[in-house]
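A quick write-up on the structure given underneath.
No value in this document is a laboratory result; all are computed from the given coordinates. These numbers come from a predicted model, not from an experiment. Positions of Cβ are backbone-derived with ideal geometry, glycine not excepted, and every protein chain shown enters the neighbour counts.
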Amino acid sequence: MSDNRDKEQGLGNESSAGAGGGAGAGLGVGTGTVASTHQRRTPAPPAGRLIDSPPFPAAAARLIGNQTLRANMRHATHTIRAKRAKVAAELPNWEQLRQAGAQIKDRLGRHLDYYLEQLEANLIANGAQVHWAADADEANRIIIELVKAQDVDEVVKIKSMVTQEIEMNEALEAAGIAAWETDLAELIVQLGHDRPSNILVPAIHRNRDEVREIFLREMKLYGKPAPEDLDNEPAHLAAAARAHLREKFLRAKVAISGANFCVADTGTLVIVESEGNGRMCLTLPDVLISVTGIEKLVPTVEDLEVMLQLLPRSSTGERMNPYTSMWTGVTPGDGPQEVHVVLLDNGRSRVLADPEGRAALRCIRCAACMHSCPVYERVGGHAYGSVYPGPIGAILSPQLRGINDAVDKSLPFASTLCGACAEVCPVKIPIPDILVHLRHRIVEEVKRKHLGLERFLMGVAGWAMARGRRFGRLGKLAGVARRLTGREYLRRLPGPAHNWTRARDLRMPPKQSFRSWWKKEHG
Amino acid sequence: MAETTGKERILAAVRAALSDVTVDDPVLDSPIDWQYGQATAVEQVLALFIERVEDYKAVVLSAATAAEIPQLIADCLQQAQATTVVVPPGLEPAWTTTAELDGLRILRDDPPLDKLELDGVSAVITAAAVGMAETGTIALDHRADQGRRIISLLPDTHICIIRRDQICTDVPQATARLAAAIRDKQPITWISGPSATSDIELSRVEGVHGPRNLYVLIAP
């Protein structure tokens, strides 16, 4: 049994060990005015909002000390990295595929208005109803209205990044509607009163012992209990989830999904998955509501041949994921007879407006960048304080949310710029370039607002370096400082400069400068 | 709330963001260097298909003649310990004759069966639309010989019969073959092995919600 279970996972939010009622006190979600006096229907997530997370360095410093988390993350990222490399290398035209993937998404992005109108027209022609949501609140309002119109108080869900982005589950909860996660990892996260730490394997930070403990403790509170003799074998844990969720699938009248791809020229939506929970949600209920970011389109059906090769190999490292579902509006007599699509902007048009940053919208949410990232591997997804963690999160979240909060200002710096992410990205997003571009934007903003110590110091350095004699004298002076303190490293700079030494030790200047040495030896 | 305003606002924001794009035709503005619909260089298509499907822990059987199919289906059903079987309305009736003789209950999904009824059915037999060798994938386009999506989902065993000429090299060729069905508004399901998850410590577990046993029967 892991001793660290509740310590660090939730970024300072104690995971509420007891589930059920009352755990939601203090949750401000969606509109930020949710009173949580009612009995909760679903397990409460950690309190607080992601946007209020501490800046990356503070969160990372805490999480890096969690040994369980680091061991889990190291195992997971290394395993999946190796699988991806193997199946990507199998295809001789992998680089051409990546190029095509990037070009397809660029064509889409550069003519997004055209393709959105085409998609809408085709969806309507095929019997689907289309809704447009400018932001999270608007999307949640539309979804809640649609669910309430069915006179139900629960929905089943396919794992979807965009519903996390708009914090839909908590908005539904506040409206008295229970949203049940049906992906195994999302179920672990939901029952664990936790937040996802990876977009592909949301419970990547949990090991099998922790999962067993969560299932035994929580399943019985929300439906079919886990078998009492449940052990930590992944196959048995998956079987417990199958039994727990089958009941919910058969009962559900409404399902909510995202979409991996929306084909503009036919009005077809595509969901890529592994477990079959997606097929259950897309097939059994009477009503299907799919929420999708406006960047998730592809122009034509034929473009799927590129995307459906790139995505599974880049994400789970398989030649193909077990199940891919495509549906084109309503199919009479087969599946949901009422189909809705909610097209969500929520900052995407803002990302599109920056020609140097817009390539982030090519992202197909495969998570290859995370799995290749040495920083993500060590701190895990929770450190990023954003639904999209890792390298893509560091460029996408600040752009989507608008670089106003402390966490978003810190994210573009949460990278060593090593470039591993750009090497693996299936749609060739130049992540390091965009990181540097965003850093520049943030620094320019700071410079505009504050005169600043940095600017002063740079001025001094410029003055000193402009003349050889000045520089030589300064070198000598520095040597004196070393001899006086007798220390090899300076661990803390004084005043505001201590920010620089917070994360590094500064080597003291040498006892004699190069100039003095040269003079002595050759002079 | 007038929904048109939401649409207009979003489209206006998108258009404003794209003021640097001056060529209106997407194809002229953004070329894509890709030859669509090409067969990939695969030497032994059938052998590769079998190898890749088996790689997902599915069982693959081959019928030398059409006459062998009913017996092979009955063998699969017996191995899976199936007692009830659902078949789509358009499935070849001869295929289930041996299973019927074995005393299995065969339910035709016509009129459509209720979901609770289907939840208690142990197996399903369907035809297929397209096979992909490189990825070991079967695609259903849910026409009459494959039936509604729900029937190939709830039973724990899926027996899928695919003809040799339906098996192509890879995803591009398959997408080209399926495009007509998609444009006909048919739902499409791609199946690559049995239901699986790697959500716990990334160790692969076959069988979560979809059928836990997949038999692929290759017909002449």
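Results, tabulated for the structure shown:
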quantity	calculated
Rg/Rh ratio calculated on Cα atoms of region A:314-354 (Kirkwood radius)	1.16
Residues A:Tyr376, B:Tyr215, B:Tyr56, sorted so that the one with the fewest Cβ neighbours within 10 Å comes first	B:Tyr56, B:Tyr215, A:Tyr376
When the protein assembly as shown is reduced to its Cα atoms, the Kirkwood hydrodynamic radius in Å	27.6
Qualifying trypsin sites (Lys or Arg not before Pro) for region A:410-512 [loop in DSSP, other Cβ within 10 Å: at most 16]	A:Arg467, A:Arg487, A:Arg491, A:Arg492, A:Arg502, A:Arg504, A:Lys511
Cleavage-rule hits, GluC sites (Glu not before Pro), region B:95-163, DSSP coil, Cβ neighbours within 10 Å at most 15	none
Options A:Thr485, A:Val460, A:Thr501, ranked by Cα towards positive dipole end of region A:453-522, top entry (Cβ charges)	A:Thr485
Mean residue ellipticity (222 nm) of chain A, computed from DSSP H runs ≥ 4 via -39,500 (n - 2.57), nearest 500	-14500 deg cm²/dmol
Residue-wise HN-Hα coupling along region A:164-170, computed from phi with Karplus coefficients 6.51, -1.76, 1.60 (Hz; x: Gly, Pro)	6, 4, 8, 6, 5, 4, 6
Extension gain, A:Ala121 back to A:Arg448 (0.36 nm per residue minus Cα-Cα distance, nm)	113.2 nm
Order of A:Trp517, B:Trp190, A:Trp327 under a 10 Å beta carbon neighbour criterion, fewest first	A:Trp517, B:Trp190, A:Trp327
Evaluated over region B:42-219, the Cα radius of gyration and Dmax, each in Å	15.6, 46
Label point at B:Ala94 placed 7 Å out along Cα→Cβ; residues across region B:200-220 whose backbone nitrogen lies under 17 Å	B:218-220
Two-decimal Rg/Rh across region A:375-523, once Rg and the Kirkwood Rh are taken from alpha-carbon atoms	1.09
Model label zone, A:Arg507; criterion: amide N under 15 Å from point 7 Å along Cα-to-beta-carbon; scope region A:483-499	A:487-491
Nearest-0.05 FRET efficiency for A:Gln67 and A:Arg515, computed from C-beta distance (R0 35 Å)	0.15
Alpha-carbon radius of gyration plus Dmax, which is the widest Cα pair, for region A:46-163 in Å	21.4, 55
Alpha-carbon centroid distance for the pair region A:399-414 / region A:436-460, whole angstrom	16
Förster radius 25 Å - calculated FRET efficiency between A:Asn499 and A:Glu356, Cβ distance, rounded to 0.05	0.35
Label-to-label distance, nm, for residues given as A:Thr416 and B:Asp75 (7 Å Cα→Cβ offset)	5.6
Region A:132-234 pair-distance distribution - Cα-Cα, 5 Å bins, rounded %	2, 11, 21, 21, 18, 13, 7, 4, 1, 0
Potential lengthening between A:Asp229 and A:Lys86 on full extension [0.36 nm per residue; Cα-Cα distance subtracted]	47.7 nm
Distance cut-off 15 Å, percentage of C-alpha pairs in region A:453-522 lying past it	64
Note, ³J(HN,Hα) from phi for region A:406-411, Karplus 6.51, -1.76, 1.60, rounded to Hz, x at Gly and Pro	4, 5, 5, 6, 8, 4
Residues A:His111, A:His78 arranged by fewest to most Cβ contacts within 10 Å	A:His78, A:His111
Gain in span if fully extended, A:Arg492 to A:Glu95, counting 0.36 nm per residue against the direct Cα distance	138.2 nm
